[in-house]
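One structure is given here, and the rest of the page talks about it.
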Amino acid sequence: MTFEDIFIAGLKVIQPRVFEDSRGYFYESYNQSAFESAGIKDNFVQSNQSLSQKGVLRGMHFQIPPNDQSKLVRVIKGAVLDVVVDIRKGSATYGKHFSIELSEENKTMLYIPTGFAHGFLTLRDETLFSYKCGNFYNKQAEQGLMWNDPEIGIEWNIDNPILSEKDTQNELLRDFKSPFIFKS
């Protein structure tokens, strides 16, 4: 398993070691020891899975402290454009975003520490998306940023995604008062 740091501190792109043969493939999607060696010491307490059709956009979600959640995300079947936005006050990359395609073919995973808004656009029908969370879901702590906030400038390459009612009413970054503090 390889762990790649990117330009936004704390995010890690993870590529598992895949063993393939005529029967199919096998890989470890999580190994606590390997993650700890890479500096990820989260205790994942909840595992979630969603099924979405092409064009569904879910995001940009997060939970505020003390219910904030780190996440380990991956695609089991299909493909998504996965996007995170840094919402940690004091971070050199506050308001910046990172996007990556996660698919059943590339088996790439993304580790997202607390202090990030997260969302994804489904690129294929019948996409299964899986994520481990470092804290339990808490409806009262749930918040979100607008998926199409011009200040953030995410290139989704879709004009009219399929959204939940909730995701049409999220905040703009300029109106958001972040409770997250960047820790180097």
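Quick notes
- Restricting the range 8-23 to residues that are assigned to a strand (DSSP E or B) and among the hydrophobic types (A, V, I, L, M, F, W, C), the residue that is nearest to Thr93 (Cα to Cα): Val13
- Scanning the range 134-175 for residues that are buried (at least 17 other Cβ atoms within 10 Å of the Cβ) and charged (D, E, K, R), we see that the one that is nearest to Val73 (Cα to Cα) is Asp167.
- Residues (assigned to a strand (DSSP E or B) and among the aliphatic types (A, V, I, L, M)) located in the range 159-184: Ile162, Ile181
- Against the test of being more than 25 Å from Tyr30 (Cβ to Cβ) and charged (D, E, K, R), the options Lys89, Lys132 yield a single qualifying residue, Lys89.
A quick yes/no check of all residues on (1) at pLDDT 95 or above; (2) part of a strand (DSSP E or B); (3) farther than 21 Å from Arg88 by Cα:
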{"position": "His118", "(1), (2), (3)": "yes, yes, no"}
{"position": "Arg124", "(1), (2), (3)": "yes, no, yes"}
{"position": "Tyr131", "(1), (2), (3)": "yes, yes, yes"}
{"position": "Asp149", "(1), (2), (3)": "yes, no, no"}
{"position": "Gly153", "(1), (2), (3)": "yes, no, no"}
{"position": "Asn157", "(1), (2), (3)": "yes, no, yes"}
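- Taken together, the residues in the range 3-42 that are touching a Lys or Arg at 6+ places or on another chain (Cβ under 9 Å), surrounded by fewer than 14 Cβ atoms within 10 Å (Cβ to Cβ) and under 17 Å from Glu105 (Cβ atoms) amount to 3.
The values are calculated or read from the model by the stated rules, or taken from the named source; none is laboratory data. Here the structure is a predicted model, which means the values were calculated and not measured. A quick note on method: Cβ atoms are made from the backbone with ideal geometry, for glycine too, and the neighbour counts reach across all protein chains shown.
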